[in-house]
1. Name the pairs: first residue in segment 561-572 and on the phi < 0 side of the Ramachandran plot and among the aromatic types (Phe, Trp, Tyr), second residue buried (at least 24 other Cβ atoms within 10 Å of the Cβ) and not in a helix (DSSP H, G or I), Cβ to Cβ under 6 Å, at least 6 apart or on different chains?
2. Would you check if Gln258 is farther than 21 Å from Phe210 by Cα, outside any strand (DSSP E or B) and modelled with pLDDT of 90 or more?
3. Give the residue, chosen from Leu386, Leu380, Leu418, that is within 19 Å of Phe561 (Cβ to Cβ), open to solvent by 10 Å² or more (accessible area, probe 1.4 Å) and aliphatic (A, V, I, L, M).
4. Out of all the residues in segment 179-194, which are surrounded by fewer than 16 Cβ atoms within 10 Å (Cβ to Cβ), of a type in the set (A, V, I, L, M) and either assigned to a loop (DSSP other than H, G, I, E, B) or at pLDDT 75 or above (or both)?
5. Does any residue of segment 89-109 turn out to be among the small types (Gly, Ala, Ser), at pLDDT below 90 and exposed (fewer than 14 other Cβ atoms within 10 Å of the Cβ)?
6. How many of the residues making up segment 146-157 are open to solvent by 30 Å² or more (accessible area, probe 1.4 Å) and either among the small types (Gly, Ala, Ser) or under 16 Å from Gln62 (Cα atoms) (or both)?
7. Hey, can you tell me all the residues within segment 597-648 that are of a type in the set (S, T, N, Q) and touching a Leu at 6+ places or on another chain (Cβ under 8 Å)?
8. Filter segment 288-297 down to the residues that are at pLDDT 90 or above and out of contact with any Ser or Thr (no Cβ under 7 Å at 6 or more places or on another chain) and list them by number.
Amino acid sequence: MIQNSGETEDRVSHIQTSSTASLCATVKGDLFLLVSPVVGPCCYSYILSACAKTGFSLLGLQRVQLSRKQAQSLGLTTRQVAAFCHAPTVSLDGEQVELSSHCLVLLMRRESTVRYSSRLPIGLMNELVVEGLIGSIQARFTDVVGPEVCFYTIPYSKNHHNVLGGHMWTVPESSHMVLSKYAYPSCPDAEQVVILTLTGQNIMENEIKFLHKVLRDPAGQEEFELLALKWVSQLSQRQAQELNPFEIGDREWQNSVQSLTSTPALILALRRVRAFITLRQQLPHNYPGSLRVLMSPTPETAFRQTCLFFSEAELVPDHSSRPLLKFLPPHHIDTTGHSLYSYMTLGPQPLLTLALFKPGAWRQCFGKILTLIKQNGYTLVGLRVLLLDSTMASALIHSPEKQDPTEELEYLRSGPSLALGLLRVNAVMRLWELMGPEDPIEARTVDQTLWRAQFGSDRLHNGIYGSRSYRNAIEDMKLLFPSGVCCAETSLMRYEQISSLQSDPEASLDHDHLHTSQTAVKFSSEFGQVPAGPLVCTALCQTTCLLIPSSLLQQSQPPLFSELLQRLFRTGCHLLAGRLCMLDKKQRRHMCELLRASAGEELLHEGPCLAIVLQADNAATCFDIILERVCRERPDFRRVTRKLLYPRFKKEAVKLLCYLFDDFGLDSHHRIALQ
């Protein structure tokens with residue numbers, strides 16, 4: 001691609017026979033344009049377009065990380081070295097995030113190179129100002145922004161080419177890869193990598209406009225993150241076959257391969273949540289049309305194309321184009337235990353987040369909450385009903401919008417809250433999407449509408465708190481679930497030092513024996529009231545404990561057990577407390593002895609169980625009758641009730657409650673009513 005010896009001889013011959021006046025106008029030359037890390041990837045397409053308008057033709061491009069020594073050898077000043085060799089930082093959700101320190105290097109050619117190269121940085125800077133992109137540069141550089149810290153031009157030489165890496169056109173040797181060994185998970189709510197290819201003789205004039213739209217979202221929504229880009233002057237037969245949108249056997253197949261091998265191509269690796277869906281929506285209406293804009297249709301195809309054009313070292317994230325970065329683990333945490341190639345084949349790990357339902361917002365709709373959580377792909381890994389103390393409440397109020405947290409603190413401490421530990425891919429962002437925009441009128445999805453109808457109209461004053469970022473989610477989980485969570489350990493949990501429970505830390509024979517005789521404890525007004533009114537304890541009112549085993553918790557949608565709970569609440573049962581338990585063998589055996597249920601240990605052995613405390617007339621002695629009454633209306637509930645575990649007698653209920661809930665003591669806010 002660089003001038004060969006024949007081209008050099010022709011140029012020398014032309015110089016010797018040309019006059020000085022015509023020399024500058026007729027001789028073509030090559031130059032390197034260095035774009036510093038201060039200029040983000042959202043500007044790249046405009047830079048390429050502006051260079052083409054100025055008459056420069058692109059020969060190659062790559063991204064390189066310059067050392068101070070390399071920069072000085074290229075002639076950069078001390079101020080330029082600070083911009084070109086250091087990673088810029090930006091503030092995302094109040095935290096300083098370090099971005100990529102890679103420069104974009106363009107190798108270009110045109111007539112009168114020397115004359116135009118001196119004016120190129122200023123012209124590019126003006127173009128970015130006109131396009132309204134100067135603000136994105138100022139956010140990445142604390143000093144005064146000028147053309148000299150954004151762009152630098154040097155004439156082409158073999159030495160400069162070697163300093164800058166010299167791998168502009170190198171593609172990896174991927175013939176050794178056995179693609180059938182890999183799986184290709186496709187989860188739209190996770191970050192996905194997609195390959196976008198622009199082809200044609202006039203890419204920088206026509207197809208580049210499509211790239212403007214992809215790399216820069218004027219609406220301020222999440223943009224695509226540029227991982228890698230490569231210029232190929234002519235696609236090989238194999239590359240064209242891989243990029244071909246048609247199947248072998250289609251009549252367009254052969255012609256499209258020939259068309260692709262006759263034009264240059266700009267290949268880009270992009271990443272974002274719901275990448276395939278989003279990019280597909282932006283494609284031309286007649287796609288694939290003239291083959292000028294192509295995308296990898298599936299995760300498997302994206303992986304193959306990535307391996308075909310890019311080495312692992314060429315995949316360089318830049319988080320400035322990811323406003324939703326706060327919802328994801330920091331980039332230095334390996335979420336798969338492997339490389340980015342492995343990320344594409346193994347998929348991302350699920351993340352933890354906290355959903356806290358505030359006092360008065362959950363007891364009457366406990367079953368609906370569990371249904372919504374399940375329907376949105378979450379796994380329940382922690383559940384507690386608790387009264388927040390001032391330390392916990394203060395730690396949860398870290399919203400910059402709240403100037404005076406006194407009212408919110410009082411609200412959080414006014415009664416029991418329901419804390420849920422949730423696990424899923426992209427858990428933090430998805431929960432915020434479910435809660436909806438801050439303006440209730442902007443709610444778009446059915447889930448958002450239902451959520452708002454149930455829990456309120458804005459994030460700050462509604463009945464639910466959701467972790468604001470990945471870092472907040474980790475802190476929240478450690479605060480409200482200090483002992484750990486009920487799921488298998490992931491590498492992220494190990495890194496963040498969140499334990500995977502193997503036994504229940506609260507189930508103890510000590511407080512079982514201590515409190516068994518305490519069957520009636522005064523119900524404190526601090527616990528509050530159920531939504532239907534004061535909880536009046538009649539002569540028939542009793543408290544019992546209901547165990548929902550893992551096999552029911554993991555039911556496919558919709559979960560019948562949550563519908564059953566809602567039906568129980570409508571028939572006079574009141575929810576007092578609850579928590580998710582992971583029992584060891586000894587604990588399972590003891591609970592089965594208390595319940596006199598031989599099959600109980602097998603049910604409890606399947607995974608975590610949900611223990612909830614219910615209060616109703618004759619709840620401890622006639623709970624099976626209460627269930628039967630509900631099943632008459634819904635016979636399909638029998639599939640659930642036969643797997644439920646609960647005591648049949650008062651004494652069993654007392655022992656089980658005291659064994660699982662240490663809060664049910666003399667200093668408790670709860671009352672066990674078993675008269």
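1. Listed pairs, sorted by first residue: Phe561/Ile548.
2. In short, yes.
3. Leu380
4. Ala183
5. Yes, the conditions are met somewhere in segment 89-109.
6. The total comes to 4.
7. Of everything in segment 597-648, those that are of a type in the set (S, T, N, Q) and touching a Leu at 6+ places or on another chain (Cβ under 8 Å) turn out to be Gln615, Asn618, Thr641.
8. Residues satisfying the conditions are Val293, Met295, Ser296, Pro297.
The values are calculated or read from the model by the stated rules, or taken from the named source; none is laboratory data. Just so it is clear, the structure is predicted and the values come from calculations on it, not from any experiment. Don't worry about glycine lacking a Cβ; one is built from the backbone with ideal geometry, like all the others, and counts go over all protein chains shown. Accessible surface is based on the protein model in full, side chains and every heavy atom, while ligands, DNA and RNA are left aside. Shrake-Rupley method; radii C 1.70, N 1.55, O 1.52, S 1.80 Å.
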